[in-house]
Amino acid sequence: MTPFSLPNPRLLRVDLRGNSMMARAGSMVAYDGQVKFDKAILGGEGVFGALKRKATGEGVPLMTCSGTGAVYFAQDAAHVMILPLQNEKLWVESSSLLALDSGLKTNTTFTGLRGVSTGQGLFTTTVEGTGNVAMLSHGTPLELEVGPSYPLFVDPDAFLGYSGQLQQEFIFDINWKTFVGEGSGESFQLKFSGQGTVYIQPNERK
Amino acid sequence: MKLNPNNLPRNDNINPYAFCVEVNGEIFIQKGKMIAYYGQLRFESLGAGPLDMIVQNAFNAPLYARDFIVVTGRGQLILGDRGNDVNSFDLEAGNLTVKADHVLGFEKGLICQQSIVPNYLTLLGTGKFLASSNGPIHFMEPPARVDEQALLGWADLPCPSLRYDHAHIQNALQAVGSIMGLRRTGEEEQIDMTGSGTILVQSSEEALKGRSDLANILSQVTGLHHNDLVQLQAHVAQRLRPN
């Protein structure tokens, strides 16, 4: 696993020892040692992957960083959260992804209707395998557990990602009086049930 | 730390930017500030039928009725406001006046009324309420002069009035700017707080971070008088006219 650390809550440091990792293009703020940066694209490999990225809009321009040295990443002074994956799968909004171990596999999956109101697209990115992932969060991120006896409801605009055995549903508060006027997170929610963890930010995307 | 319904703080901050409310009954919150919840909760606009009695008793600010909703049921509600600090206050037979769009939520034991100062809401009675601020809040005693943007509100009875700093605008450039209505900084125009009580000042000159330009403008509109609104309407109509 490539070591990821946080010198401060809004800055990510990755130590490379001859290996490589991927990061959001343009997020590198400093590095020392001998590091090479190459263009790369997120979300599935091969011709089919390329087609899917084109069709879904979940393709985020990434770069591959390889070599030896310490690389620092940051984006808009957002908080960074490191998630170590142990042969696990993480569902994450591509706009919240900052960096990931090159050993991890990324793909694009259909998530349903969430994007209709929030403009985040109908698709989400999955990250699978063993390695570190760094996510961006505007404000300190929260990790909320979901258990069989306690489902969780989340504002789609605050949603960052989830891991574990979770079912995702879209809940419309069928109260048109709430809906009339402006749409707000309260009239349209994501429901998570099963067993797992949901990551959110104390912030609604604009 | 992973949070679940058993280890979530009860009516306390999870971190400076997120607050967990233990809901059992009804509370008022500002629209769009729920970020997540556990349990059985319902969200209703203030016009919804069965809630009329509670609303009549607790919510007395018709100008802001569209900005607030009622949460009913049992559960844990997590609130956040675009990464701004969330602060909670306990009022005991007291009063607190806060800038309207900083009021995140309040218990129904409190009565919410429009302040006579435009863009501010006054909360009266006993109960808990939540306010957001851009940076931590600093408490001050009157007499003091505060920048309008940095002023969050006041408790008890300071008397707010506008103070205009003539010495500052004797500077020629400043004077030109102020005549053209371009410059209005805290150095030139302040709110003078006199009387006895507490003043709440936030640690930023920007009212709330992460707000769109439109939201900033709309938050000011409620404070305008009729003539100003007519002018604004004419201005917008002119801008909308196809060239």
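The values are calculated or read from the model by the stated rules, or taken from the named source; none is laboratory data. Every value quoted in this text rests on a predicted model; they were computed, and no experiment measured them. Every residue, glycine as well, gets a Cβ built from its backbone with ideal geometry; the counts of neighbours run over all protein chains shown. Side chains included, ligands, DNA and RNA excluded: accessible areas come from the protein's heavy atoms. Shrake-Rupley method; radii C 1.70, N 1.55, O 1.52, S 1.80 Å.
Quick notes
- Filter result (within 23 Å of residue B:30 (Cβ to Cβ), open to solvent by 10 Å² or more (accessible area, probe 1.4 Å) and not in a loop (DSSP other than H, G, I, E, B)) within the stretch B:140-156: B:154, B:155
- When residues of the stretch B:17-39 are limited to those that are farther than 21 Å from residue A:150 by Cα and among the aliphatic types (A, V, I, L, M), the one nearest to the other protein chains (Cβ to nearest Cβ): B:29
- Each residue in the stretch A:91-102 was checked for being outside any strand (DSSP E or B) and in contact with a Leu (Cβ under 7 Å, 6 or more places away or on another chain), and 3 pass.
- Among strands (runs of 3 or more DSSP E) entirely within the stretch B:54-137, having at least 3 residues that are open to solvent by less than 30 Å² (accessible area, probe 1.4 Å) singles out B:68-80, B:85-99, B:103-107, B:120-133.
- Filter pass, residue A:194 being modelled with pLDDT of 90 or more and on the phi > 0 side of the Ramachandran plot: yes
- Residues satisfying the stated conditions in the stretch A:142-169, i.e. part of a loop (DSSP other than H, G, I, E, B), within 11 Å of chain B (Cβ to nearest Cβ) and open to solvent by 30 Å² or more (accessible area, probe 1.4 Å): A:149, A:151, A:157
- When we screen B:217, B:179 for residues that are at pLDDT below 85, open to solvent by 40 Å² or more (accessible area, probe 1.4 Å) and more than 19 Å from the chain's Cα centre (by Cα), the only hit is B:179.
- Residues of the stretch A:79-94 classified as open to solvent by less than 60 Å² (accessible area, probe 1.4 Å) and either farther than 8 Å from residue A:127 by Cβ or aromatic (Phe, Trp, Tyr) (or both), total: 8
- With respect to the conditions (1) surrounded by fewer than 16 Cβ atoms within 10 Å (Cβ to Cβ); (2) at pLDDT below 90; (3) among the hydroxyl-bearing types (Ser, Thr, Tyr), residue A:187 falls short on a single one, namely (1).
- Which numbered condition residue B:14 fails, given (1) facing chain A (nearest Cβ under 7 Å); (2) modelled with pLDDT of 90 or more; (3) at positive phi: (3)
- Residue list for the stretch B:9-36, filter: open to solvent by less than 10 Å² (accessible area, probe 1.4 Å) and within 25 Å of residue B:126 (Cβ to Cβ): B:19, B:20, B:23, B:28, B:29, B:34
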